[in-house]
Amino acid sequence: MDPVPSREIADMTGAAALPRKNGELVFAEAWQGRIFGMTVAMSHEASFEWREFQAKLIAEIARAEREGESSSYYARWLLAFERLLADKGLLDADALAERTHDFETGRRDDVF
């Protein structure tokens, strides 16, 4: 797999276009910047093709809109990223669910 060119990420259009303000990427919360960085890094490391992620993101945005979901862009990004990793066997869905539960219940509160 060829690493994704930075322009391919920057030039995303339509529903998948990255949120920007005055041309700069906008992250309302720290986790949003982290998930963006993780996605780009894993694509650069050839864990997946950028276009694979982009297709998952577009599908997730369409699904959320169809179902009237009011989730944020980066919440949709996160779901698309998780689904892509699970589909490629790079993420254990049960382990993810357990870790998510730990954070939601306060059993774990690490911030990296």
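Accessible surface calculations at 1.4 Å, restricted to protein heavy atoms, place the chain at 64 Å² per residue. Using the Cβ-Cβ distance between Ala55 and Ala30 with R0 set to 30 Å, the FRET efficiency from 1/(1 + (r/R0)^6) comes to roughly 0.65.
How far, in degrees from 0 to 90, does helix 30-44 lean away from the longest principal axis of the Cα atoms of the chain, to the nearest 10? Value to nearest ten degrees: 60. Comparing Glu69, Glu49, Glu98 in a Gaussian network model of the chain where C-alpha atoms under 10 Å apart are linked, the largest mean-square fluctuation is found at Glu98. Take every Cα pair under 8 Å whose residues are at least 6 apart in sequence, average their separation, divide by the length of the chain, and the relative contact order is 23 percent. In the chain, the longest principal axis of the Cα atoms and the axis of helix 73-87 are about 80 degrees apart. Applying a DSSP loop filter and a limit of 12 other Cβ atoms within 10 Å to the trypsin sites (Lys or Arg not before Pro) in the range 22-112 leaves Lys88, Arg107, Arg108. Quick one: pull the percent of accessible area on the range 1-70 belonging to carbon and sulfur, 1.4 Å probe, ligands and nucleic acids left out. Percent of accessible area from carbon and sulfur atoms in the range 1-70: 52.
Compared with the alpha-carbon gap, the fully stretched path from Ala95 to Asn22 is longer by 22.4 nm at 0.36 nm per residue.
How big is the chain by the Kirkwood estimate over distinct Cα pairs, in Å? That comes to 15.1 Å for the chain.
The values are calculated or read from the model by the stated rules, or taken from the named source; none is laboratory data. Every value quoted in this text rests on a predicted model; they were computed, and no experiment measured them. With ideal geometry, Cβ positions are generated from the backbone for all residues, glycine too; neighbour counts draw on all protein chains shown. Heavy atoms of the whole protein, side chains included, go into the accessibility calculation; ligands, DNA and RNA do not. Shrake-Rupley method; radii C 1.70, N 1.55, O 1.52, S 1.80 Å.
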